[in-house]
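S.K.: The structure under discussion is supplied below as structure tokens; questions concerning it will follow.
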Amino acid sequence: MDLKNFKLETTSVWSFPDRGNWYTHYGDYPGNWSPYVPRNLILKYSLEKEWILDQFMGSGTTLIEAKLLNRNIIGTDINPKAYAITKSRLNFAYDSTSHIHIRINDAQDLSFIKDNSISLICTHPPYANIIKYSADIKNDLSLMSYNSYFKAMAKVAKEAHRVLKNGRICAIMVADIRKNWKFIPLGHYVINEFLKVGFILKDIIIKEQHNCKSLIKWSQREHECYLIKHEYIFIFQKESR
Ligand SMILES: C[S@@+](CC[C@H](N)C(=O)[O-])C[C@H]1O[C@@H](n2cnc3c(N)ncnc32)[C@H](O)[C@@H]1O
């Protein structure tokens, strides 16, 4: 599949073997998501010129898609390297009128964004400490113990709920993990934090993982447990009041 033949997903199972490499999507940022994911979410849950938020922007995949789809977007990341990569990847010629605002920021505190002002949240946090995004940046979720990670996700959920307009969607991708051969249902814990702040769970999408380096390591011990080869995209809605 390429961009020319792109069709919106219609079921709760998504799989993108070719991952997508149009414009400045290079797929080289650790744990980046396929541009097919934000493209689907943006087209389904927002209109042109509405404001989107990706508070864990990484290499800017969501922002590139927002530019291509003529949406306004705020992107943040706690790591200055992510900021620099995103800035350079947004530097391509395209006839778009979208406003794009990027900054270095902790997703636990979005105080620079007004209440009820965002039309779609489309984001992809670290899966706890499975990939470490920095050596020592304070509040980098990928450096935290599980306890601190879930406390931080509670704050992320609270802020996401505050800035989102009533009735609109917060889509977030995470995965379960294994640590010392134990299964940690990260996805379930993350759902819980988002439900606790008042979101309604509208859908769970299972996304097949491709080209995941850890699969090679696990495949050598496949007799012990199944390889985790899926991620979740949780579709939360802020209840209309
Ligand atoms: C899974 S990556 C996002 C990848 C992105 N979707 C892409 O396609 O490039 C998660 C990002 O969260 C960032 N991050 C970690 N802790 C953060 C925090 N407290 N606030 C904001 N960003 C954070 C990391 O620096 C990393 O870039």
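The values are calculated or read from the model by the stated rules, or taken from the named source; none is laboratory data. It should be emphasised that the depicted structure is a prediction, and the values quoted were computed from it without experimental measurement. Cβ sites come from the backbone with ideal geometry, for glycine too, and all protein chains shown count toward neighbours.
S.K.: Which of the residues spanning region 1-31 are closer than 21 Å to I169 by Cα and either within 16 Å of the chain's Cα centre (by Cα) or of a type in the set (S, T, N, Q) (or both)?
M.R.: T10, T11, S12, W14
S.K.: Let me ask something additional. Out of all the residues in region 10-46, which are under 15 Å from H230 (Cβ atoms), in contact (Cβ under 8 Å) with a residue 40 or more places away in the chain and more than 10 Å from the ligand (Cβ to nearest atom)?
M.R.: Result: S12, V13, W14, S15, F16, P17.
S.K.: Do we have any residue at all in region 127-138 that's at positive phi and near the ligand (Cβ under 10 Å from one of its atoms)?
M.R.: Within region 127-138, none of the residues are at positive phi and near the ligand (Cβ under 10 Å from one of its atoms).
S.K.: Please note which strands (runs of 3 or more DSSP E) are completely contained in region 155-213 and include at least 1 residues that are under 16 Å from the mean Cα position of the chain (by Cα).
M.R.: So the answer is 164-174, 199-208.
S.K.: Next question. Would you confirm whether any residue within region 84-106 is free of Cβ contacts under 8 Å to residues at least 24 places away in the same chain and within 12 Å of the ligand (Cβ to nearest atom)?
M.R.: yes
S.K.: Only one of these conditions is not met by L69: (1) near the ligand (Cβ under 8 Å from one of its atoms); (2) aliphatic (A, V, I, L, M); (3) under 27 Å from K44 (Cα atoms); (4) over 15 Å from the mean Cα position of the chain (by Cα). Which number is it?
M.R.: All conditions are met except number (1).
S.K.: While we're looking at this one, here's another question. Which residue is modelled with the lowest pLDDT, if the candidates are limited to region 198-241 and must be more than 17 Å from A160 (Cα to Cα) and among the β-branched types (V, I, T)?
M.R.: I216
S.K.: Okay, moving on. Might you let me know whether region 139-149 holds any residue that is assigned to a loop (DSSP other than H, G, I, E, B) and under 18 Å from S59 (Cβ atoms)?
M.R.: For region 139-149, residues assigned to a loop (DSSP other than H, G, I, E, B) and under 18 Å from S59 (Cβ atoms): present.
S.K.: Please find, within region 139-162, the residue that is surrounded by the fewest Cβ atoms within 10 Å (Cβ to Cβ) out of those that are charged (D, E, K, R) and within 13 Å of the ligand (Cβ to nearest atom).
M.R.: K151
S.K.: Hey, among K179, K81, K165, K87, which residue is surrounded by fewer than 19 Cβ atoms within 10 Å (Cβ to Cβ) and within 17 Å of K49 (Cα to Cα)?
M.R.: On the way: K179 fails: within 17 Å of K49 (Cα to Cα); K81 fails: within 17 Å of K49 (Cα to Cα); K87 fails: within 17 Å of K49 (Cα to Cα).
Checking each option against the conditions leaves just K165.
S.K.: To continue, here is another question. Among S15, S46, which is the only one that is touching a Leu at 6+ places or on another chain (Cβ under 8 Å), modelled with pLDDT of 95 or more and among the small types (G, A, S)?
M.R.: Just one listed residue meets the conditions, S46.
S.K.: Checking the condition touching a Ser or Thr at 6+ places or on another chain (Cβ under 6 Å), exposed (fewer than 14 other Cβ atoms within 10 Å of the Cβ) and modelled with pLDDT of 95 or more, which residue from K114, K67, K132 passes?
M.R.: From the options K114, K67, K132, the qualifying one is K132.
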